[in-house]
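Have a look at the structure below, then the notes.
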Amino acid sequence: MIPADVNDAPPMVYTDSIDVPVLLRDGPDSRPFKQWRTAAARPWPSNAAFPENDGWYLPTTTWREILKAATEVGRDVTPNLLQVPQLAHSELVARVAPLYAYIGIHHFVPRKPKKPLPGSTGRRLTVNAVYEYATEQSARHALGYRLGMTMAEWACRSLMGLGQTRHIEDGGPDPTLEALFQNPSLKLPDLWGRHDAENAYWLIEAKGGNVRVGRLRDGWKQLEGGSTILGAYDHRRVLVGASVQPGGDLFLTVDHDHHPGLPPLHHTGGNPGAPSTPEDHLGEDDDALMGAARAQMLTFLALRSAPASRLRTVALSSDRTTRRRRRDGLTTPLEDDEATLAARAVARVAGIHADDPSRRAWARAIGLDDFLTCRIPGTELQLGMSSRLFAACAQLHREDQAIAARTPGMRAEDRILIEEDADEDAELERRRVQGRIFREQQWDARTRIAPVVRAAYDRGDTEPWNLLLPSGQEPPLDLTEHPGLLEAATPETYLALRREDLPQVGR
């Protein structure tokens with residue numbers, strides 16, 4: 001028998017692979033100065049769950065996986081984009097651009113040569129020269145926020161098997177406690193999520209930048225505030241510090257503890273003891289479908305509002321099991337998806353034309369599905385999703401629009417142009433009230449909405465794109481070989497970037 005802490009997976013050779021040192025501890029402590037370079041680290045456990053032992057680990061991931069986390073973590077801004085869906089592109093830029101602006105990948109050279117861990121790449125994340133020499137303090141703080149949120153999402157979901165996260169300001173796990181979770185006077189953590197394998201909630205606080213013990217202790221107090229509200233339920237507190245400074249590599253500290261209590265209110269269909277994602281259970285679980293559609297609403301709005309000339313479809317294997325959660329993350333690099341590569345090769349030989357009206361039937365016959373994609377202006381990313389998830393998002397978007405129409409002040413025509421200086425605190429409170437009313441209506445309507453979202457999801461599997469898109473046009477199928485394109489996918493989503501767009505530093 002191979003011990004559980006031995007990583008027997010073959011070394012990854014993806015061109016964007018990186019190692020991220022991670023230190024697990026039972027509470028905030030002083031900065032582990034230089035230990036990220038010298039400490040003996042072990043491979044990340046192969047079961048994508050919370051490790052049994054504290055100490056240093058060295059998981060390996062891809063830049064694609066980190067960007068996936070960046071695009072999905074944070075406040076749900078989509079209710080505010082109902083009238084201006086094209087601004088979803090801007091929000092995606094805001095989530096990704098700071099990472100590209102100041103973070104780079106470089107080769108790690110240990111001071112004392114030692115045998116590398118199996119699967120490690122010898123490449124790590126660091127800050128670049130622009131950050132080191134030319135960045136204002138306020139810009140560093142902005143990067144710290146985005147880096148902290150992104151790496152907390154990556155650590156909790158990709159490494160430790162947490163389900164979809166939600167921002168605490170969008171409401172907590174128990175709707176009866178909504179007013180407390182949205183109370184601005186309380187110091188609360190950033191995120192919460194549900195861990196199916198542990199059958200417990202997680203409260204998560206993210207810190208990023210040059211993270212020292214004072215900021216970690218402040219974060220722990222925020223987690224304690226969340227525990228005060230959620231104390232009746234079984235939950236884990238997780239404080240993720242994404243620390244990086246000039247001349248050093250990015251490393252994470254994960255401070256944690258566990259509080260037994262009542263089980264979660266809902267279950268997303270996963271098997272206790274086995275890591276999964278909502279996308280693994282869309283076919284049989286309405287809560288999972290609603291959660292996945294909600295999580296991908298920003299990408300949906302970006303796709304739906306893009307000009308028809310920028311839309312393409314890409315061919316992926318219709319066998320979703322080849323792209324389920326992996327030991328090392330949520331996404332499957334497509335150079336590792338043999339089913340997709342083989343089916344694409346068959347399609348090229350068959351000579352399927354990009355604009356052939358019958359191309360979808362041909363593609364389905366050889367085991368391919370077509371995912372809608374679009375390059376996001378201002379980023380290096382292409383994002384996409386399947387037709388059935390797109391259809392589910394479209395239905396959920398229509399339901400949200402109906403709810404917004406019933407929420408005072410959320411419609412564009414209800415907003416009053418204020419010519420004099422507004423009271424910022426009063427305006428913030430007004431928007432919080434609107435958001436709370438909107439979320440309450442979403443919660444009250446969930447049992448009515450779920451069946452129609454399910455029906456849309458089922459229809460979308462066979463409905464052509466020209467009926468799903470507002471332009472009424474069928475986007476061309478891209479079967480061109482792109483040697484420099486790094487693609488990744490989950491069962492229902494797609495992400496790609498060009499190899500030459502990988503962030504680099506000149507060290």
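The values are calculated or read from the model by the stated rules, or taken from the named source; none is laboratory data. Everything quoted here is computed from the prediction, not taken from an experiment. Every residue, glycine as well, gets a Cβ built from its backbone with ideal geometry; the counts of neighbours run over all protein chains shown.
Observations, loosely collected:
- Any hit, region 54-63, residues being surrounded by 16 or more Cβ atoms within 10 Å (Cβ to Cβ), modelled with pLDDT of 95 or more, of a type outside the set (Gly, Ala, Ser) and part of a helix (DSSP H, G or I): yes
- The set of residues from region 10-43 being within 24 Å of the chain's Cα centre (by Cα) and at pLDDT below 90 comprises MET12, VAL13, TYR14, THR15, PRO43.
- So ARG75, is it touching a strand residue (DSSP E or B) at 6+ places or on another chain (Cβ under 7 Å), surrounded by fewer than 18 Cβ atoms within 10 Å (Cβ to Cβ) and touching a residue at least 40 places away in the same chain (Cβ under 8 Å): yes
- Candidate set from region 486-507 (those that are more than 12 Å from PRO333 (Cβ to Cβ) and of a type in the set (Asp, Glu)); member that is nearest to the chain's Cα centre (by Cα): GLU492
- Of the residues in region 205-224, not one is within 15 Å of GLY171 (Cβ to Cβ) and either at pLDDT 95 or above or of a type outside the set (Ser, Thr, Tyr) (or both).
- Among the conditions (1) under 16 Å from the mean Cα position of the chain (by Cα); (2) farther than 18 Å from GLY248 by Cβ, the only one that LEU99 does not satisfy is (2).
- Subset of region 450-507 (residues that are among the polar types (S, T, N, Q) and surrounded by 14 or more Cβ atoms within 10 Å (Cβ to Cβ)): SER471, THR490, THR493
- Of the residues in region 450-463, at least one is out of contact with any Ser or Thr (no Cβ under 6 Å at 6 or more places or on another chain), basic (Lys, Arg) and more than 30 Å from THR126 (Cα to Cα).
- Considering residues of region 65-79 that are of a type in the set (A, V, I, L, M, F, W, C) and outside any helix (DSSP H, G or I) only, the residue nearest to GLU153 (Cα to Cα): VAL73
- Residue within region 32-50 that is charged (D, E, K, R) and buried (at least 18 other Cβ atoms within 10 Å of the Cβ) present: no
- Test result for PRO483, within 27 Å of the chain's Cα centre (by Cα), of a type outside the set (Gly, Ala, Ser), modelled with pLDDT of 70 or more and part of a helix (DSSP H, G or I): no
- Region 331-352, residues that are under 25 Å from the mean Cα position of the chain (by Cα) and either β-branched (Val, Ile, Thr) or part of a loop (DSSP other than H, G, I, E, B) (or both): THR331, THR332, ASP337, THR340
- Top-ranked residue of region 366-393 - restricted to ones that are over 16 Å from the mean Cα position of the chain (by Cα) and in a strand (DSSP E or B), ranked as surrounded by the fewest Cβ atoms within 10 Å (Cβ to Cβ): ARG375
- In region 80-199, counting only strands (runs of 3 or more DSSP E) that sit wholly within it, the ones holding 1 or more residues that are under 24 Å from THR332 (Cβ atoms) and either modelled with pLDDT under 85 or touching a Gly at 6+ places or on another chain (Cβ under 8 Å) (or both) span 123-127, 165-167, 191-195.
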